[in-house]
1. Hey, MET104 hits all of (1) outside any loop (DSSP other than H, G, I, E, B); (2) touching a Lys or Arg at 6+ places or on another chain (Cβ under 8 Å); (3) in contact (Cβ under 8 Å) with a residue 60 or more places away in the chain; (4) surrounded by 13 or more Cβ atoms within 10 Å (Cβ to Cβ) but one; which does it fall short on?
2. Just the residues that are without any contact (Cβ under 8 Å) to a residue 24 or more places away in the chain and loosely packed, with under 13 Cβ neighbours inside 10 Å, please, taken from the range 451-497.
3. Please enumerate the residues belonging to the range 498-518 that are assigned to a strand (DSSP E or B) and either of a type in the set (A, V, I, L, M, F, W, C) or surrounded by fewer than 16 Cβ atoms within 10 Å (Cβ to Cβ) (or both).
4. Exactly one of (1) over 27 Å from ILE395 (Cα atoms); (2) outside the structural domain of ILE395 (by TED's automatic domain parsing); (3) assigned to a loop (DSSP other than H, G, I, E, B) is unmet by SER328. Its number?
5. Checking the conditions here, which among ASN397, ASN424 is more than 19 Å from ILE339 (Cβ to Cβ), in contact (Cβ under 8 Å) with a residue 12 or more places away in the chain and within 54 Å of the chain's Cα centre (by Cα)?
6. Exactly one of these conditions fails for PRO110: (1) assigned to a strand (DSSP E or B); (2) exposed (fewer than 14 other Cβ atoms within 10 Å of the Cβ). Give me its number.
7. Considering (1) within 60 Å of the chain's Cα centre (by Cα); (2) over 25 Å from VAL44 (Cα atoms); (3) assigned to a strand (DSSP E or B), say which one VAL136 fails and leave the rest.
8. Could you run through the range 564-611 and say how many residues are out of contact with any Lys or Arg (no Cβ under 6 Å at 6 or more places or on another chain), in contact (Cβ under 8 Å) with a residue 40 or more places away in the chain and among the aliphatic types (A, V, I, L, M)?
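The values are calculated or read from the model by the stated rules, or taken from the named source; none is laboratory data. Quick caveat: nothing in here was measured; it's all calculated off a predicted structure. Here Cβ is always computed from backbone atoms with ideal geometry, including for glycine, and neighbour counts include all displayed protein chains.
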Amino acid sequence: MIKNLGFMVLMSIALIGCSKDIEEDLTTGDIVGSVSDVTTGEPVATVNVVLQPGGKSTVTGSDGAFAFNNLDEGVYTLTINKEGYKSNSTSVSVRGGESTNAHMLIERIPAKITSDKDLLEFGDSSKSNVLSFTIVNTWYSPLAWEIANDCTWIKSITPSSSTLAYGKTETIVVTIDRDLLTPGKNETVIVVATSDGNTEVKITAIGEARENIILNTLEVSELKESSVTFNGEIVNPGIPKYTTRGFVYSTSSMPTFETTIAKLTYKVTEDKKYACSVTGLTKGETYYVRAFAQNSKGVAYSSNEVKFTLTASATQITTQEVSNIDISAGRATLNASVIAGTPIYSEKGFCYSTTPEPTIDDNKRVVVGSGSGSFSCDIADLQQQTTYYVRAYAIQNGEVIYGSVKMFNTNYIKTSIETSSATNIGSTSANLNGTIYDAGNPNYTERGFVYTTSAYSQPTINSNKIVVSGTTSGDYSYTLSSLLHRTTYYYRAYAIQNGEAVYGVTKSFETLFIPTVVSTSAATKVTETEARLNGSISNSGTPAYTERGFCISTYRNPDLNDKISLGKSSISSFSYNAENLREGTTYYVRAYAIQDGEAVYGNEISFTTSKLPVVYTNNVSGLKQTDSYGLSYTVTLNARIADEGLPAYSSKGFVYSTNGDPEAGGTRKTVSGKGTGSYSLTLTGLMPNIYYVRAFVKTSSGKYIYGEKVTFNMYW
């Protein structure tokens, strides 16, 4: 009971609160309205709406709508106004809990200056950048007018203000800047404003798609004393595409057309990379270079620049090994090479001494000449059993530039040489191998191999000589080619030291011979006059065969007198279609190859060509009537097989018909039996007519052989 009482109390409190909210909602109301043009009926946006009393205001949206909410009950005045329009007012009653609709009309103030056009379409870049329209004063007194231009892509409006007398006209010229257009359609409205109404003209233009030109300046190349090559790259050709490209350079950073020493241009091609060379630069000066490209919209520079300085280059000199050391005569040849720098060196030569790191204050030999390249100098009066040090030098700008130190001595040490075993021995080639354990002193000047096929004399440098490059110790080798197969060669390593030959021991090797392996396979596709011959070569041999084919004859062991040559091929299997064979004949075949001028034969196989059987059609016999009306006859067909063929025929019989070509669609009857001799077939129930008959035999291959055609009839 207590619980029910509490519930009822709560429900009463809730109902009292709900009634209070409803009471408050019923004391206020809303005004929902819209504003339309009195002439066109179209909604008018941005109209200022003022509510009195209260002083509230709002602005209509793009749909011309407005609203005032939570207003006390009563009568209100709505006033609307907008520039270029006449003001308007209306009274609206607001009731609690209701929305009151208020639709209002607004009238445009008639323009006293009008335009002959309400639209200027500039279109795309193929059209003009300048268009015009004409205004006229339709009022009865002069009117001052003005056009405010707040559009970024309208370059100018001329004139933009003036006073126009009654009935007079003025042409307004509008110029646009297409570079400031955004891609696609651009729109704006210009207003010819007066104190007595405005006139609007819509302006449209199509902006082009645009992309900036992007360039990259690459490192300079071919940097010389007073010249250099600039290198650039077009990363993006831009839209519109560039029409000129090149370089600007200066002694100040980030050069432009205004600061460049000279503007270099390069022809426009499909190549993205391009280069220009420039001369007349100052040595020691630092320069800056940038790539540029130009289109109808202006000039673009690379965001980076390349800095370079033209500096003097040092002479490079290299001391080379001493040669032609003649210990007994006390002579040697000093060798070097030089790369001339900038400025050019004034002197070059050699200095040598018995102490390390000789200078020009020691023994000096000047070599006449200038520029880059190799040079040498002979020296004499050298002491035996002495170590010498030598280095090349050059004098550039008064400074001595030395090459590395080379050492040589006049202690005689005989070159130590050994002949090694030949390797990779083939039928016509082999690798000769040798080792020099000590280059000797003086150093040997030549090395190689000598060889001969004579077993009765040692090979010398007067025999067959092979020179192998190199003058140091270590292993060396040479591949001999064009050798004779199955031949013994004698060889030894050699070196030339101080003009004399030093030999290793004599060794020998024999070149190989591997016979070609030929096989003859069974003949296939054998007919009366043809057969397919088959063979293969499983090993080309060493030396390789030069010709292959078949030998075919009606006698055993056919040879090259009966050959069919198929040349040479890398394919191991080969075949040949033999034609014009005699039927019923046995042939013998051997595949062959020519190796080293001699014939290599495969196994012998044989085959026998087919032979066609021979059949004759004989005259019919026993022709007679078998009924009283002459409508049915019997007859016996006769034939003889003179030769059963090879292989023997598979079946025999007759074919007959009432047309002149029985084998084409006639009735075919088979007669049992094999072998040669006569055979016959009796026909019954023949209708009176003229009949044509031929005997036949069928070969094992399915071919029909016919006898001559015989005719019989029932009309005699």
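1. Unmet condition: (2).
2. Scanning the range 451-497 gives TYR456, SER457, ASN462, SER469.
3. GLU500, ALA501, VAL502, SER508, PHE509, GLU510, ILE514, VAL517, VAL518
4. (2)
5. ASN424
6. (1)
7. The one condition VAL136 does not meet is (1).
8. 8
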